[in-house]
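As C-alpha cells, the structure follows; a few thoughts come after it.
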Amino acid sequence: MKKKEMWQNRNVLITGATGFVGSYLVKWLLGRKARIKIVTKDNLRNLKVLEDQIAVVHGNITDPGSLQDVMKDVDVVFHLAAISNVNYAIAHPRETFQTNATGTLNLLEEARKNGIDKFVYISSSHLYGVPQYLPIDEKHQINPREPYAASKAAAEMLVNTYALNYGLRSTTIRPFNMYGAGQSEEFIIPSIIKQAFEKEIIELGNLTPTRDLLYISDAIEGMLTIAEHGDGTYNLGSGSETSMKELVETIINIINPSKKYVSIESRRRSNTVDIPRMCADVSRLKKLGWSPSVGLKEGLMRTIGLVYQNNCA
C-alpha cells in the first residue's frame, strides 16, 4: 500500500496541532486524505485557514472532563502538546509536570477506553542529557537534567506502562533539533535569521556546542514512517553534527556574507542544562525505510526564503 493511501480516510487526533511541528503534521496528513481532529485550548493560529477541513475540540489535556469522547472513532493519536520551553519549565516545574506528564496520562486513559489503533508520543532528545557517547542511539541511558526533560521522561514511562498493562499499541519518538519556517524566535535558527535581517552584528552565546538539525519536511516524513511501521522508541534527527559557529556562518552566507557575528558573554550559559554536543544515531529509523533528504544548507535556504516572503507579504 502506498504511503498516501495508508492515511486515506483514517481518523487522526492531534494534540499540539497549532504549534510549529503540529501545524505541519496537520497539513501533511490532510494532503494524504486523513480525517483530522485537533484538541486545543488556544485559538487556531496558523491553522485558521484550514478550519473548515478539520474538526476542532476546545479542550485542555490537563482537564480530563474536557477530553471525554474526544477519541471516539479515532484510529491514531499523535500527542505533541507540551510545555517545551526549557527556561519556562525551569521557572514553572509544577505546571510543566501537570501538562507534560499528567496531560499525557489523561490522553492515555481516553486512548485505552476507546481502543485506538496506535498512540504516537512525541518525546524529546533532552532526555539523554550530556551524551556519554556519540552518535546517541536509543539504548543510551536517559539522564534528565531539568524539569522539561524529566516531565517528558515521566510521560514516556506512562506510555510504556499502558502498552504493557493494557495492550495499547504505541510508539515514542525522540526528536532532536527540528527547524523550518514558522518556528518561534525563541529557538536558535529563527533567532539568528531575524538578527541577520535586522541587525548589523548578530549576537550569539557559545559558538562551540553542536546540535543535530533536521528540516521540518524530513521530520514529518519520519514521524509518519514511525507511526505507520514502528514500535518502541525511535530517535528522529539528521545523524549529523553542526556547531553554532558553522550554523551562523551558513545563515550569514545565504542572507548577507558581509554580516558579522559576535559571541556575547551574557548570552553564554554555564549551568547544569548546557549540553556540549548532540548527534543522533538514526539507524533504527532508517531500517523502516526513512532517511533525511534535505541537507542543512538547502533547509536553511528554504526556511530563509519563506521567512523573507512572509515578511514582505
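Throughout, read-outs are computed from the coordinates displayed, never taken from laboratory work. Model, not experiment: these values are computed from the prediction. Cβ: placed from backbone, ideal geometry, glycine included. Neighbour counts: every protein chain shown.
Extending 7 Å from Cα along the Cβ direction at SER291 and again at THR208 yields two label points whose distance is 3.4 nm.
Per residue, the chain reaches -11500 deg cm²/dmol at 222 nm when only DSSP H runs of four or more residues are counted, each adding -39500 (n - 2.57). Helix 296-312 and the long axis of the chain differ in direction by around 90°, with both axes built from C-alpha atoms.
If you sort the three axes of the alpha carbon gyration tensor as a ≥ b ≥ c, you get a/c of 1.5 or more for segment 20-118 and a/b no higher than b/c, which makes it oblate.
Annotation: aspartates and glutamates with alpha-carbon distance below 15 angstrom to LYS259 (same-chain offsets under eight excluded): GLU198, GLU200, GLU203, GLU246, GLU249.
For P(r) over Cα pairs in 20 Å bins from 0, in percent, the choices are (1) 32, 60, 8; (2) 34, 62, 5, 0; (3) 30, 50, 18, 1; which was calculated from the structure? This structure yields the entry labelled (1).
For the residue pairs LYS48/LYS286; LYS245/LYS297; LYS199/LYS297, the alpha carbons lie more than 23 Å apart in LYS48/LYS286. The angle between the Cα long axis of helix 103-114 and the main principal axis of the chain comes to about 30°, on a 0 to 90 degree scale.
What net charge do the residues around THR40 carry, taking every other residue with its C-beta under 13 Å from that of THR40, with Lys and Arg at +1 and Asp and Glu at -1? Residues near THR40 contribute +1 overall.
Taking the DSSP beta bridges with both ends in the chain, the antiparallel portion is around 5 percent. Any chance you could give the angle, 0 to 90 degrees and rounded to 10, that helix 20-31 forms with the longest Cα principal axis of the chain? Orientation of helix 20-31: about 60 degrees from the principal axis. With neighbours defined as other Cβ atoms within 10 Å of a residue's Cβ, the residues PHE197, PHE176, PHE119 order from fewest to most as PHE197, PHE176, PHE119. Counting neighbouring Cβ atoms within 10 Å and putting the fewest first, the residues SER23, SER263, SER125 line up as SER263, SER23, SER125. Counted by neighbouring Cβ atoms within 10 Å, the residues LYS152, LYS194, LYS48 run from fewest to most as LYS48, LYS194, LYS152.
Counted by Cβ distance under 14 Å from PHE97, the other residues give a net charge of -1, where Lys and Arg count +1 and Asp and Glu count -1.
Reachable lysines from LYS118, Cα under 17 Å, same-chain residues fewer than 8 places away excluded? Within the straight-line limit of under 17 Å, LYS118 reaches these lysines: LYS3, LYS37, LYS72.
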